[in-house]
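Just so it is clear, none of the values below were taken in a lab; they were calculated from the coordinates. On a predicted model such as this, the values are computed, not experimentally measured, just so you know. FYI the Cβ positions are ideal-geometry reconstructions off the backbone, even for glycines, and counts take in every protein chain you see.
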Amino acid sequence: MTDVLTVEQRRKNMQHIRSKDTKIEVLLRKALWQKGYRYRKNYKALPGTPDIALTKYKIAIFCDGEFFHGKDWEVLKPKLEKSNNSEFWIKKISRNRERDIEINQKLFFMGWTVIRFWGSYIKKNIDECIKVIDEAVFELKCETND
């Protein structure tokens, strides 16, 4: 599996990958706003800088891209082993996956609920994503009323 793009084309492509305000984040934020949720975006006060933080409910939401966060890692890793710069990408994505787990644990110990969605899931099932968030909010409200 060799790269069909030139080095210059690949570099330009990689430079345009965003870390903030991605299409999937904006899509989810708009849906949350329409439901009446108010949030912080890219909330630096928390470990991992969640893409969306519902501070009122202590819910941190991450919108993870499939490639950089290693979705279906058992399938992706062997493909990467055959590609250009495989050592770099395997190391990078493995570390991203480890960091995601570390961030989840840190936030959990701080009393936050962590929700992670894959980008493709947000695009195809935005209503389901909102439902997951609604249920988390409902559970937290029930806990505080006990």
Among the trypsin sites (Lys or Arg not before Pro) in segment 44-146, which ones are in a DSSP loop with at most 12 other Cβ atoms within 10 Å of the Cβ? Mind listing them? 44, 56, 82
Determine which residues of segment 33-48 fall in the zone a paramagnetic label at residue 127 would reach in this model, i.e. backbone nitrogen under 18 Å from the point 7 Å along Cα→Cβ. 33-36
Using a/c under 1.5 as the rounded threshold, could you call segment 62-126 rounded, prolate or oblate? The axes a ≥ b ≥ c are square roots of the C-alpha gyration tensor eigenvalues, and prolate needs a/b larger than b/c, oblate otherwise. oblate
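At 0.36 nm per residue, and after removing the present C-alpha to C-alpha distance, how many nm does the segment from residue 9 to residue 98 gain when stretched out fully? Please report the intermediate quantities before stating the final value.
Working: separation 89, 0.36 × 89 = 32.04 nm, distance 2.98 nm.
Extra length available between residue 9 and residue 98 comes to 29.1 nm.
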Number of Lys-Lys pairs in segment 52-146 under 17 Å by Cα, sequence gap 8 or more or different chains? 17
For residue 59, enumerate residues with amide H under 5 Å from its amide H, sequence gap 5+ or separate chain, H modeled in the peptide plane. 54, 113
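Given Cα pairs under 8 Å that are at least 6 residues apart, what percent is the relative contact order of segment 3-146? Can you show the working numbers first?
Details: 128 pairs, mean separation 37.2, N = 144.
Reported relative contact order: 26 percent.
Take the Cα radius of gyration of the chain and divide it by 2.2 N^0.38 Å, with N its residue count; two decimals is plenty. Present the calculation step by step, with values, prior to reporting the outcome.
Working: Rg = 17.3 Å, N = 146, 2.2 N^0.38 = 14.6 Å.
Dividing the Cα radius of gyration by 2.2 N^0.38 Å gives 1.18.
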